[in-house]
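Enquirer: I'd like to ask some things about the structure below.
FYI, it's all coordinate maths here, none of it is from the lab. In this text the structure is predicted, and so the values were computed from the model without any measurement. Heads up, the Cβs are rebuilt from the backbone with ideal geometry, glycines too, and the neighbour counts pull from every protein chain shown.
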């Protein structure tokens, strides 16, 4: 039964009704010319729901499947061995699933906040924390553009090492700028195509790798040969080093929370997308890395950072090339180029919108809040393009050094963002309890609950501690300042942002919002409890009535 409100609660009712969002088909926006589209819009273009459910599902399965997994795993396979690499990815994968459940609950409750989940930090934590983490997240995505462009230039070396790397940086930069020129629709369609290619290729790679391991090539039966010699793992520091790349590889999953604002019915779309994250972790991360570990010895001199040839940096290429499989290495290299283009496109799309959201919240110059008639955050987009020009350092001879610096900056950013999102979830639950709001009234309730948020916070804290250890004391045992800043550069940047904002606003007496100060109503979408109950019963009946083999499909995609 829905709660009945008395006359004196009319203000509260007014607030709630104003937040109920209809999910019908929006009216067609008036068409504007190409040049006219760059003029300032009236704000309605920002809220156009132009992302389809199919787009969101494909993004859920494959967003972020790029450099961290396809290229960065090479160095970590060398440092940790196949077993430790798998352990790191499985632990981070569980943490990712828990984090996405927490993020999903808050996103369905607050689907239309201007700043996305950047607004949560100010709502549930503290404005200085919001400032520091907002700029941390923008730095991550803007750095990712350069990282992916450098990776593209490195990948090309598999075919040609004579042409200057910056030539390929220009080509791929023009491509991602062109895609982003078409706004949400262009981004959605391009990501759908590129991510579909990634998913198809990785599925094919898994099947191919299984056949090779079982003896389908001239190498004969391999089985667990490389797990015995040179071995399944290296040392504990090798395991710790694997976690940062694993975090970066799965970073971008939280991007669903930003993408869902472009979908017409987030309550229906996001839970399905979150369930697909589970499939993504199990198959596309752990499954394909298991195949890589079976087919590529971790002491191969062709792995990136080994001091040998750097033209075959990806272990996914080596898995086929080492065992004489023709054509597949070229296909996988092309897939890597497709993947880095996809991630760079998403990075440019998100970094510009993040910068605009910082401007709206007052954490960046107000000048950057400009949105044109096509819904593009034009000025913030130009800043993101300028930031991506750092990728022209790709012509530097020691590309792997540049790659590792960029990777480290991006990887540790995720280790800050994910626990912060989970802390927001815990604060949200505490505020709901304080205000007497039942969980049954929420559009989506996290499958992993508060325990999932606590697990994510603890694991991320341990990763930060471990990275501090291996950054300051690398394999040699003595303190190495250069190595420390290479692997921990993100931390002083975030702390500097936090302290700088505290100094600017002068609020040193308060570091945290009390539960009774958290406003859970403003911006929240209220769902009819009766309809929610009917939808839950309908979902249970669909699963119960489905044949045994079809139940997982119904659960994942309904």
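Enquirer: Under a plain spin-label model, where a point goes 7 Å from the Cα along Cα-to-Cβ, how far apart in nm are residue 504 and residue 83?
Expert: Between residue 504 and residue 83, the simple spin-label model gives 5.0 nm.
Enquirer: Taking the chain as the reference, fit the longest principal axis to its C-alpha atoms, fit the long axis of helix 328-360 to the helix C-alpha atoms, and give the angle between the two in degrees, 0 to 90, nearest 10.
Expert: That helix lies at roughly 30 degrees to the long axis.
Enquirer: While we're looking at this one, here's another question. Using a basic spin-label model with each label point 7 Å from the Cα along Cα→Cβ, how many nm lie between residue 265 and residue 549?
Expert: For residue 265 paired with residue 549, the spin-label model returns 2.9 nm.
Enquirer: While we're here: Between residue 236 and residue 366, 0.36 nm times their residue separation minus their Cα-Cα distance comes to what?
Expert: Result: 42.0 nm gained on full extension.
Enquirer: Sort 191, 478, 119, 148 so that the residue with the fewest other Cβ atoms within 10 Å of its own Cβ comes first and the one with the most comes last.
Expert: In increasing order of surrounding Cβ atoms, one gets 478, 119, 191, 148.
Enquirer: Against the longest alpha carbon principal axis of the chain, how many degrees, from 0 to 90 and to the nearest 10, is the axis of helix 53-62 turned?
Expert: 40 degrees
Enquirer: How do 165, 63 line up, fewest other C-beta atoms within 10 Å first?
Expert: Least crowded to most crowded, the residues run 165, 63.
Enquirer: Another one. Which number comes out as Rg/Rh for the range 53-527 once both Rg and the Kirkwood Rh are worked out on C-alpha atoms?
Expert: 0.96
Enquirer: Which angle from 0 to 90°, rounded to the nearest 10, does the C-alpha axis of helix 399-435 make with the longest principal axis of the chain?
Expert: 30 degrees
Enquirer: Once both labels are modelled 7 Å past Cα along the beta-carbon direction, what's the residue 534-residue 164 spacing in nm?
Expert: Distance between label points: 6.6 nm.
Enquirer: Ranked by Cβ crowding within 10 angstrom, fewest neighbours first, how are 349, 504 ordered?
Expert: Sorted ascending by nearby Cβ count, the order is 504, 349.
Enquirer: What does the highest-first list of 90-96, 328-334, 133-139 look like by mean Cβ count within 10 Å?
Expert: The peptides rank, most packed first, as 133-139, 90-96, 328-334.
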